[in-house]
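Q: A single structure is presented below for examination.
The values are calculated or read from the model by the stated rules, or taken from the named source; none is laboratory data. This structure is a prediction, so every number in the text was calculated from the model and none was measured. Using ideal geometry, Cβ is built from the backbone for each residue, glycine included, and neighbour counts are taken over all protein chains shown.
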Amino acid sequence: MTSLLSILTARATTAATCQTRSVTHLTPSAPAAIDVPVDAGTHVALDAEAQFLDDRLVLGGAPRRLLHLPGAARDVVERWRRGEPVRAGEGGFARTLVNQGLVRTYRTHPFNPDELDVVVPVRDHLDALGPLLASLAGLHVTIVDDGSRDAQALATLAEQAGATLVRHDQSRGPAAARNTGLRASARPFVCFVDADVELADAPAVLARLCATFHDPLVGAVAPRVRGARARTWRGGFEERFSPLDRGPRPGLVRAGAPVGFVPSALLVVRRESAGDGFDESLRVGEDVDFVWRLGDRDWLVRYEADVVVTHGARDSWAAWWQQRVAYAASSAELATRHGERLAPLRVDPVSLGSLVSLFAGRTALSGRILRVAERHLAAQLPPTTKEPARVAREVVGRGILLGAGPLARALVRSYAPALLVLLVIPRARRRLVGLLALGVGWRWRHERFRLRDLPLGVADDLAYASGLVAGAWRLRQWRTLTPVVTSSSLRWRDFLPLGRRPGDVDDV
C-alpha cells in the first residue's frame, strides 16, 4: 500500500531525477532521461487516478506521490488535458511527469512487422501451439522447443507455419528457452509469447503494444492477460481471477506502484534493453526479476490494460493448486535478489497505527494519529499552498481509505491459515471475521460478486499463503513473511498520549 508520509512534495523540473540502485550487469542502462525529452507534437494524458488538490499540487503517479508544479506548469498540464500536444520547450517537463507515472504519451507509431521477432517457448502443449501459430501468420516466429517429448510433431508444426525452430534436447526452463530465442533472432523488438496464450488478432494486438515504443525509454510493454472463457467452475473463476491478470488500469510497472509487475505470458521487449535476458537459474518468477531489472536500469515498463489477451487455465485441480503454490514459493528466491520488495506488505506508521487502533476498537487513538499526521504534512507543504490543512486532510484521509483494502488483502493472502486459527479467540472473532471479509472480498472490487467463486477465492488465498511458507522454509529466508514498516519523520511518541499534562487537548 502507499506510504502516506512518503508522499513527499517534489518539484517538477525539466530534468528527471535518477536514483542510484543496486543493479545487475545483465541489463544495460537506459538513455539518461535528461537527454530524452518528449518530442514536440506528442499528445499526453494525465493518469486517471491523479487528482489536483490545489492550483499547484497534484496527487498521483507510480508510486503515488504529492507533486508540486512550479510557475505556469499547471496551465501546461491543463492544456494537455484539453488535448493539446506538447509544445517546443515543454519536452523536459513532460519527460519528468512521464517517468513519475503521472502522464503517459500517445503518438502515431506505425507497426512494422519486419522490426519484430516473435519467440514462442514451448514444451509439449502442441494442441495450444497450432492455433497460436495460425494467429501469428505473416510474422517472424522462432519456436524454442524446450525438450518436448514429441519433437517430430513439433517440427512438423513449425514447418507448416513457416517458423524457425530451435531445440533444447533436455528441458532447461522457460527463462533459458526465451534466452535461446532472443539469441536466435536479431530484430529491434522481441515479443515473448507462451504457447497457451490466445490471440484473436495478433497483428492488431502487437501493433497497439509496439506503438508505446515511440518513447525511447520504454524497454518493455505487456497487455492484460485474462483467463480464457470456460464453462467449468474452475475455468469460470480463472476467467475472472487469473493469477496473471494485473487489473483493469494501465500504468507504469514498478515495485511499489499499483502495477508492481507483469507476467511474461506476452511481453514485448526492446532488444536494446534486454541485455542477456532472463535469469536462467529461476524456474518461476523469472519474469518478475526481468521486469524489475529493467526498471532498476531506468527503462520504463508499461502495462496496457486496454489490450487484452487470454491464457488457458490449468487442466486439473491439482495443477491449479500447484500453480498458486509455485508462484508464491518463487518469491523467496526473488527476495535473495530484490530484498524488501518481496515483503508480504509494506505499511507506514500512520496507516498501521490508525488501522490497528480502529481494528482494536480504539477510535479515539485512531483519530489522534490521523490528526497528528495531518498537522505534520500541512507543515511540510509549500508556502504557496492554499488551505494546507484541507490538502493535508485529503491526502491523509485518501491514503487511509485507499490503503485499508489492499492492506487487508495482503494480510489475508499472506497469513490466511494463521488468521483462521485465530478465529478460536472469542474476543477477536468478530473483528477477524470483518478483516477476513474485507481481505477476501477485495478481489471482487472490479468484478461482479458470485457466491460460487467464494470457496475458490478462499482456496486461492490458502494456496498462496502455503507457497509463501514453503518457499521461505526451503531457503530459510523470511523476508517474504516479514512485513515492512517504512521509516517516517514522525515518532510513535508523537501519536501516543505520552508525557501530556492534565488539561491538554488535541486540536480538531
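Table: residues versus (1) closer than 16 Å to Ala222 by Cβ; (2) acidic (Asp, Glu).
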residue: Leu252; (1), (2): yes, no
residue: Val259; (1), (2): yes, no
residue: Pro263; (1), (2): yes, no
residue: Trp299; (1), (2): yes, no
residue: Glu304; (1), (2): yes, yes
residue: Val307; (1), (2): yes, no
residue: Gln322; (1), (2): no, no
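Q: Still on this structure, I have one more. Identify the single condition in (1) touching a residue at least 60 places away in the same chain (Cβ under 8 Å); (2) buried (at least 20 other Cβ atoms within 10 Å of the Cβ) that Arg187 does not satisfy, given that it satisfies every other one.
A: (2)
Q: If you go through region 216-240 one residue at a time, how many are outside any loop (DSSP other than H, G, I, E, B) and surrounded by fewer than 21 Cβ atoms within 10 Å (Cβ to Cβ)? Quick ask: steps written out before the conclusion?
A: In the first step, residues of region 216-240 are kept if they are outside any loop (DSSP other than H, G, I, E, B); the result is 218-227, 233-240.
With surrounded by fewer than 21 Cβ atoms within 10 Å (Cβ to Cβ) added as a condition, the list becomes 226, 233-236, 239-240.
Counting residues in region 216-240 that are outside any loop (DSSP other than H, G, I, E, B) and surrounded by fewer than 21 Cβ atoms within 10 Å (Cβ to Cβ) gives 7.
Q: Identify the residue in region 113-127 that is of a type in the set (Asp, Glu) and more than 23 Å from Gln152 (Cβ to Cβ) and, among all such residues, is nearest to the chain's Cα centre (by Cα). Let's see the steps before the verdict.
A: Within region 113-127, the subset of a type in the set (Asp, Glu) is 114-115, 117, 124, 127.
Narrowing further to those that are more than 23 Å from Gln152 (Cβ to Cβ): 114-115, 117.
Working: Asp114: 30, Glu115: 27, Asp117: 25 Å.
In this case the residue turns out to be Asp117.
Q: Among the candidates Arg368, Arg362, Arg413, which residue alone is out of contact with any His (no Cβ under 6 Å at 6 or more places or on another chain), surrounded by fewer than 16 Cβ atoms within 10 Å (Cβ to Cβ) and either at pLDDT 90 or above or of a type outside the set (A, V, I, L, M, F, W, C) (or both)?
A: Values: Arg368 fails: surrounded by fewer than 16 Cβ atoms within 10 Å (Cβ to Cβ); Arg413 fails: surrounded by fewer than 16 Cβ atoms within 10 Å (Cβ to Cβ).
Among Arg368, Arg362, Arg413, only Arg362 is out of contact with any His (no Cβ under 6 Å at 6 or more places or on another chain), surrounded by fewer than 16 Cβ atoms within 10 Å (Cβ to Cβ) and either at pLDDT 90 or above or of a type outside the set (A, V, I, L, M, F, W, C) (or both).
Q: Test Leu157 against the stated conditions and say whether it is modelled with pLDDT of 90 or more and under 32 Å from the mean Cα position of the chain (by Cα).
A: Details: modelled with pLDDT of 90 or more: yes; under 32 Å from the mean Cα position of the chain (by Cα): no.
Taking the combined requirement at face value, the residue does not satisfy it.
Q: Could you say whether any residue in region 486-506 is in contact with a strand residue (DSSP E or B) (Cβ under 7 Å, 6 or more places away or on another chain), in a strand (DSSP E or B) and at pLDDT below 95? Let's see the steps before the verdict.
A: Here is the first cut: in region 486-506, the ones in contact with a strand residue (DSSP E or B) (Cβ under 7 Å, 6 or more places away or on another chain) are 486.
Next cut, in a strand (DSSP E or B) only: none.
For region 486-506, residues in contact with a strand residue (DSSP E or B) (Cβ under 7 Å, 6 or more places away or on another chain), in a strand (DSSP E or B) and at pLDDT below 95: absent.
Q: Where in region 297-390 are the helices (runs of 4 or more DSSP H), entirely inside, with at least 1 residues that are more than 30 Å from Trp473 (Cβ to Cβ), charged (D, E, K, R) and not assigned by TED's automatic domain parsing to the domain that holds Asp287? Let's see the steps before the verdict.
A: Working: elements: 317-338, 349-359, 363-380.
Result: 363-380.
Q: Looking at Ala72, Ala94, which is the one that is under 22 Å from Ile34 (Cα atoms), among the hydrophobic types (A, V, I, L, M, F, W, C) and without any contact (Cβ under 8 Å) to a residue 24 or more places away in the chain? Walk me through it before giving the result.
A: Numbers: Ala94 fails: without any contact (Cβ under 8 Å) to a residue 24 or more places away in the chain.
Being under 22 Å from Ile34 (Cα atoms), among the hydrophobic types (A, V, I, L, M, F, W, C) and without any contact (Cβ under 8 Å) to a residue 24 or more places away in the chain holds for just one of Ala72, Ala94, which is Ala72.
Q: Does region 227-246 contain any residue that is at pLDDT below 95, aromatic (Phe, Trp, Tyr) and within 20 Å of the chain's Cα centre (by Cα)?
A: Yes, region 227-246 contains a residue that is at pLDDT below 95, aromatic (Phe, Trp, Tyr) and within 20 Å of the chain's Cα centre (by Cα).
Q: Out of Arg208, Arg167, report the one residue that is free of Cβ contacts under 8 Å to residues at least 24 places away in the same chain, assigned by TED's automatic domain parsing to the domain that holds Val307 and surrounded by fewer than 22 Cβ atoms within 10 Å (Cβ to Cβ).
A: Values: Arg208 fails: free of Cβ contacts under 8 Å to residues at least 24 places away in the same chain.
Testing whether each residue is free of Cβ contacts under 8 Å to residues at least 24 places away in the same chain, assigned by TED's automatic domain parsing to the domain that holds Val307 and surrounded by fewer than 22 Cβ atoms within 10 Å (Cβ to Cβ) leaves just Arg167.
Q: If you don't mind, there's one more thing I want to ask. Hey, any hits in region 318-339 for a residue that's among the basic types (Lys, Arg) and at pLDDT below 90? Give the steps one after another, and end with the answer.
A: Of region 318-339, the ones among the basic types (Lys, Arg) are 324, 337.
Next, only the ones that are at pLDDT below 90 stay: none.
For region 318-339, residues among the basic types (Lys, Arg) and at pLDDT below 90: absent.
Q: While we're looking at this one, here's another question. Out of the residues in region 241-267 that are crowded, with 17+ Cβ neighbours inside 10 Å and basic (Lys, Arg), which is nearest to Ala45 (Cα to Cα)?
A: So the residue we want is Arg254.
Q: Please go through (1) closer than 30 Å to Leu454 by Cβ; (2) modelled with pLDDT under 95 for Arg254 and return the number of the only condition it doesn't satisfy.
A: If we test Arg254 against (1) closer than 30 Å to Leu454 by Cβ; (2) modelled with pLDDT under 95, just (1) comes out false.
Q: For region 139-147, state whether one or more residues are in the same structural domain as Thr180 (by TED's automatic domain parsing), part of a strand (DSSP E or B) and polar (S, T, N, Q).
A: From region 139-147, those in the same structural domain as Thr180 (by TED's automatic domain parsing) are 139-147; that's our starting set.
Within this subset, residues satisfying the condition of being part of a strand (DSSP E or B) are 140-146.
Within this subset, residues satisfying the condition of being polar (S, T, N, Q) are 142.
Yes, region 139-147 has at least one match.
Q: Specify the residue that is farthest from Ala410 (Cα to Cα); the eligible residues are those in region 428-448 that are loosely packed, with under 14 Cβ neighbours inside 10 Å and under 20 Å from the mean Cα position of the chain (by Cα).
A: So, considering only residues that are loosely packed, with under 14 Cβ neighbours inside 10 Å and under 20 Å from the mean Cα position of the chain (by Cα), the one farthest from Ala410 (Cα to Cα) is Glu447.
Q: Let me ask you something else. I'd like the full set of residues that are part of a helix (DSSP H, G or I) and either under 30 Å from Ala32 (Cβ atoms) or among the β-branched types (Val, Ile, Thr) (or both), limited to region 241-268. Quick ask: steps written out before the conclusion?
A: First, pick out the residues of region 241-268 that are part of a helix (DSSP H, G or I): 241.
The answer is none; no residue qualifies.
Q: Assuming Ala222 fulfils every condition listed in (1) modelled with pLDDT of 95 or more; (2) farther than 25 Å from Ala274 by Cβ apart from one, which condition is it?
A: The one condition Ala222 does not meet is (2).
Q: Still on this model: Taking Leu217 as the residue in question, decide whether it is more than 29 Å from Arg452 (Cβ to Cβ) and at pLDDT 95 or above. Reasoning before the result, please.
A: Values: more than 29 Å from Arg452 (Cβ to Cβ): yes; at pLDDT 95 or above: yes.
Yes, satisfied.
Q: Next up: Please specify each residue of region 8-46 satisfying the condition of being in a loop (DSSP other than H, G, I, E, B), at pLDDT 50 or above and among the β-branched types (Val, Ile, Thr).
A: Thr27, Val36, Val38, Thr42
Q: Listed residues Gly457, Gly441; which is in contact with a Lys or Arg (Cβ under 7 Å, 6 or more places away or on another chain), at pLDDT 90 or above and in a helix (DSSP H, G or I)? It would help to see each step written out before you state the result.
A: Details: Gly441 fails: in contact with a Lys or Arg (Cβ under 7 Å, 6 or more places away or on another chain).
Every option except Gly457 fails the conditions.
Q: While we're looking at this one, here's another question. Being surrounded by fewer than 16 Cβ atoms within 10 Å (Cβ to Cβ) and under 23 Å from Thr212 (Cα atoms) is true for just one of Glu115, Glu90. Which residue is that? Quick ask: steps written out before the conclusion?
A: Working: Glu90 fails: surrounded by fewer than 16 Cβ atoms within 10 Å (Cβ to Cβ).
Being surrounded by fewer than 16 Cβ atoms within 10 Å (Cβ to Cβ) and under 23 Å from Thr212 (Cα atoms) holds for just one of Glu115, Glu90, which is Glu115.
Q: Of all residues in region 93-111, count the ones that are in contact with a Phe, Trp or Tyr (Cβ under 9 Å, 6 or more places away or on another chain) and exposed (fewer than 15 other Cβ atoms within 10 Å of the Cβ).
A: Count: 1.
Q: Could you say whether any residue in region 269-280 is over 10 Å from the mean Cα position of the chain (by Cα), in a strand (DSSP E or B) and at negative phi?
A: Initial filter on region 269-280 (over 10 Å from the mean Cα position of the chain (by Cα)): 269-280.
Add one more test, that the residue is in a strand (DSSP E or B), and what stays is 269-270.
With at negative phi added as a condition, the list becomes 269-270.
Checking region 269-280: at least one residue is over 10 Å from the mean Cα position of the chain (by Cα), in a strand (DSSP E or B) and at negative phi.
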